[in-house]
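Worksheet: the structure to be examined is printed underneath.
The values are calculated or read from the model by the stated rules, or taken from the named source; none is laboratory data. Since the model is a prediction, treat every value here as computed from it, not as a measurement. Cβ coordinates were reconstructed from backbone atoms using ideal geometry, including for glycine residues, and neighbour counts include every protein chain displayed.
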Amino acid sequence: MNFNSIKTTFRKVDHHSGTGVLRTPNAQISARWGLYSLYYDKKLVLNYYRKNSKMEVGIVGKPNVGKSTFFKALTLADAEVANYPFTTINANIGVGYVRVPCACAKFNVNCSPKNSLCVSKNRYVPVKVIDVAGLVPGAHEGRGLGNKFLDDLRQADALIHIIDISGRTDEKGEPCSGHDPGEDIKFLENEIDLWFFSIVKRNWNKIYTKVRHGKHSVLKELSENLSGLGINEHHITYAIRETELTEEPDWSDEDLKNFAINLRKISKPIIIAANKIDLDNEKNFRRLKENYSIIPVCSEAELALKKADDAGVIEYLPGDNNFKILKEVSDKQKHALEFMKNILVKFGSTGVQDCLNLAVFDVLKMIVVYPVEDEHKLMDGKGNVLPDAFLMPEGSTAIDLAYKVHTDIGDKFIGAIDCKTHMKIGRDHELNNGDVVSILARR
Ligand SMILES: Nc1nc2c(ncn2[C@@H]2O[C@H](COP(=O)(O)OP(=O)(O)OP(=O)(O)O)[C@@H](O)[C@H]2O)c(=O)[nH]1
Ligand SMILES: [Mg+2]
């Protein structure tokens with residue numbers, strides 16, 4: 001990969017003079033996660049993750065807004081990027097990384113990660129990311145690549161909605177000027193809601209008949225019917241409650257629609273990434289920020305910074321607000337780097353890392369835990385220090401960690417040690433973010 005290949009887009013940018021940092025603090029954003037946070041129920045979520053330990057984040061949006069650029073910047077996987085709609089037809093699947101301070105800093109050791117990465121005492125923990133075809137109005141009825149797009153999203157636990165905040169892409173993904181990106185936020189939610197509604201409605205007669213004959217409960221029937229959408233009993237219970245329905249299956253069409261909307265909000269929470277912030281004149285961002293929790297993002301800059309880091313031109317850590325130039329650079333490169341520095345100074349980061357961290361930690365409420373064998377040296381059996389960092393839902397216990405390491409370790413669990421305090425902890429002890437734990441198991 002060559003830094004010279006950085007797109008000339010960067011040099012066309014009009015550097016506006018606004019100085020205010022537009023980033024919304026994370027705490028403020030996470031306080032506004034509406035339904036999902038409101039209905040976050042530790043017990044139910046844990047039960048679900050005990051059965052399904054996978055996690056997936058979907059990248060969605062209309063065509064040509066920068067979904068594949070965002071995906072490439074996150075994963076450095078190959079994905080085609082071009083300035084026309086429907087560049088992506090088959091979904092791209094890759095691995096992105098959430099960033100947390102590594103436990104090696106707290107314990108003052110040099111780590112040797114195996115399932116994750118550690119760079120300058122930051123641990124990057126892998127997360128499955130999927131980049132799908134662009135969505136156009138009517139997708140739930142199969143328009144554009146509608147059904148395909150929606151099918152690819154079935155297993156996603158959270159969605160990152162990429163919008164073109166500069167308003168230079170119309171609803172079909174064609175280049176234009178003056179499009180209101182606020183419309184895209186409404187349209188995408190609406191399409192996914194309608195997709196959910198069509199699935200619920202299609203199955204409803206069958207469900208109604210079974211429940212009426214007293215065979216099963218609404219909850220059980222719905223969760224069987226919707227499990228292919230990554231929906232579990234937890235999501236359904238809260239969607240029923242939020243819609244103020246009962247388990248009596250006398251739901252009208254209107255009830256079904258409201259239920260589908262709440263179910264979507266609870267089971268596929270959406271983070272909005274205001275991409276192409278470099279082309280926005282701040283007007284759109286400032287306006288939409290009043291009503292939505294949106295993150296300013298420049299995927300192009302993140303991708304270019306990662307490529308430059310790969311090529312040894314700069315030292316850059318994804319999520320940082322700065323980088324160090326390591327080599328002599330040409331005038332062209334210098335110009336591009338100055339552009340990127342301006343983005344970092346103005347917005348605090350390129351926003352790409354923030355979106356994934358927000359999805360995994362603030363919305364899906366995960367914590368990072370490090371299992372080790374030796375409580376003093378923090379090693380596994382092969383001498384690797386802090387080898388694994390696992391993402392687990394908040395509220396996970398010592399026994400959950402044991403099972404995550406290996407079913408056998410879970411079955412033979414007799415206790416665990418908190419490596420910070422060296423105190424013994426029991427099976428139901430709740431783990432905290434950043435804990436390093438040694439599991440004791442029968443031989
Ligand atoms: N200025 C600027 N351009 C960007 C940014 N991100 C992406 N682009 C450009 O936007 C165009 C579309 O990018 P893609 O990543 O292919 O968009 P997509 O949403 O995957 O498109 P489809 O697969 O067709 O739906 C390309 O020309 C990118 O170079 C950004 O942050 N800033
Ligand atoms: Mg694409």
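Quick check on my filter: what residues within the stretch 389-443 are farther than 21 Å from M379 by Cβ, of a type in the set (D, E) and assigned to a loop (DSSP other than H, G, I, E, B)?
Of everything in the stretch 389-443, those that are farther than 21 Å from M379 by Cβ, of a type in the set (D, E) and assigned to a loop (DSSP other than H, G, I, E, B) turn out to be E394, D428.
May I ask you to list the residues in the stretch 293-302 that are assigned to a loop (DSSP other than H, G, I, E, B) and either closer than 30 Å to H234 by Cα or not assigned by TED's automatic domain parsing to the domain that holds Q155 (or both)?
Listed by number, the list holds a single entry, S293.
Let me spell it out: the conditions are (1) within 25 Å of A274 (Cβ to Cβ); (2) modelled with pLDDT of 90 or more, and S120 meets all of them except one. Which number is the exception?
Of the numbered conditions (1) within 25 Å of A274 (Cβ to Cβ); (2) modelled with pLDDT of 90 or more, the odd one out for S120 is (1).
Of all residues in the stretch 315-325, how many are among the hydrophobic types (A, V, I, L, M, F, W, C) and at pLDDT 95 or above?
Within the stretch 315-325, residues that are among the hydrophobic types (A, V, I, L, M, F, W, C) and at pLDDT 95 or above number 2.
Being crowded, with 19+ Cβ neighbours inside 10 Å and farther than 21 Å from V352 by Cα narrows it down to one of L303, L263, L256, L326, so name that one.
Going through L303, L263, L256, L326 in turn, the sole match is L263.
Residues checked against (1) assigned to a helix (DSSP H, G or I); (2) within 13 Å of ligand 1 (Cβ to nearest atom):
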{"site": "A274", "(1), (2)": "no, yes"}
{"site": "R286", "(1), (2)": "yes, no"}
{"site": "N291", "(1), (2)": "no, no"}
{"site": "A304", "(1), (2)": "yes, yes"}
{"site": "A308", "(1), (2)": "yes, no"}
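Rundown of residues vs (1) away from ligand 2 (no atom under 16 Å from the Cβ); (2) buried (at least 18 other Cβ atoms within 10 Å of the Cβ); (3) more than 17 Å from the chain's Cα centre (by Cα), yes/no style:
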| site | (1), (2), (3) |
| --- | --- |
| F71 | no, yes, no |
| N92 | no, yes, no |
| V98 | yes, yes, no |
| A105 | yes, no, yes |
| C111 | yes, yes, yes |
| K114 | yes, no, yes |
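Looking only at the stretch 62-74, count every residue that is in contact with a helix residue (DSSP H, G or I) (Cβ under 6 Å, 6 or more places away or on another chain), within 6 Å of ligand 1 (Cβ to nearest atom) and either in a helix (DSSP H, G or I) or within 19 Å of K128 (Cβ to Cβ) (or both) and tell me the total.
Residues in the stretch 62-74 being in contact with a helix residue (DSSP H, G or I) (Cβ under 6 Å, 6 or more places away or on another chain), within 6 Å of ligand 1 (Cβ to nearest atom) and either in a helix (DSSP H, G or I) or within 19 Å of K128 (Cβ to Cβ) (or both): 1 in total.
From L159, L135, L194, L150, grab the single residue that is surrounded by 15 or more Cβ atoms within 10 Å (Cβ to Cβ), over 30 Å from N322 (Cα atoms) and touching a strand residue (DSSP E or B) at 6+ places or on another chain (Cβ under 8 Å).
L135
Taking the options A82, A77, name whichever one is more than 8 Å from ligand 1 (Cβ to nearest atom), assigned to a loop (DSSP other than H, G, I, E, B) and either at pLDDT below 90 or farther than 21 Å from K307 by Cβ (or both).
Checking each option against the conditions leaves just A77.
Suppose we filter the stretch 49-64 for residues that are more than 9 Å from ligand 2 (Cβ to nearest atom) and out of contact with any His (no Cβ under 9 Å at 6 or more places or on another chain); how many remain?
11
The conditions are (1) of a type in the set (K, R); (2) at pLDDT 80 or above; (3) within 22 Å of L358 (Cβ to Cβ), and K42 fails exactly one of them. Which is it?
(2)
So, in the stretch 169-187, of the ones that are in contact (Cβ under 8 Å) with a residue 60 or more places away in the chain and more than 16 Å from F86 (Cα to Cα), which residue ends up surrounded by the fewest Cβ atoms within 10 Å (Cβ to Cβ)?
Checking each candidate, the answer is D180.
Exactly one condition in (1) touching a residue at least 24 places away in the same chain (Cβ under 8 Å); (2) in a helix (DSSP H, G or I) is false for N203; which is it?
(1)
Limited to the stretch 154-190, what total is found for residues that are more than 14 Å from ligand 1 (Cβ to nearest atom) and assigned to a helix (DSSP H, G or I)?
Of the residues in that region, 7 qualify.
Within the stretch 313-321, can one find any residue that is assigned to a helix (DSSP H, G or I) and touching a Leu at 6+ places or on another chain (Cβ under 7 Å)?
No, every residue in the stretch 313-321 fails to be assigned to a helix (DSSP H, G or I) and touching a Leu at 6+ places or on another chain (Cβ under 7 Å).
In this structure, does G146 turn out to be within 16 Å of ligand 2 (Cβ to nearest atom), at pLDDT below 90 and closer than 20 Å to S299 by Cα?
no
Just for the stretch 395-423: of the residues that are modelled with pLDDT under 95, over 24 Å from the mean Cα position of the chain (by Cα) and among the hydroxyl-bearing types (S, T, Y), which one is nearest to M366 (Cα to Cα)?
Taking the candidates together, the pick is Y403.
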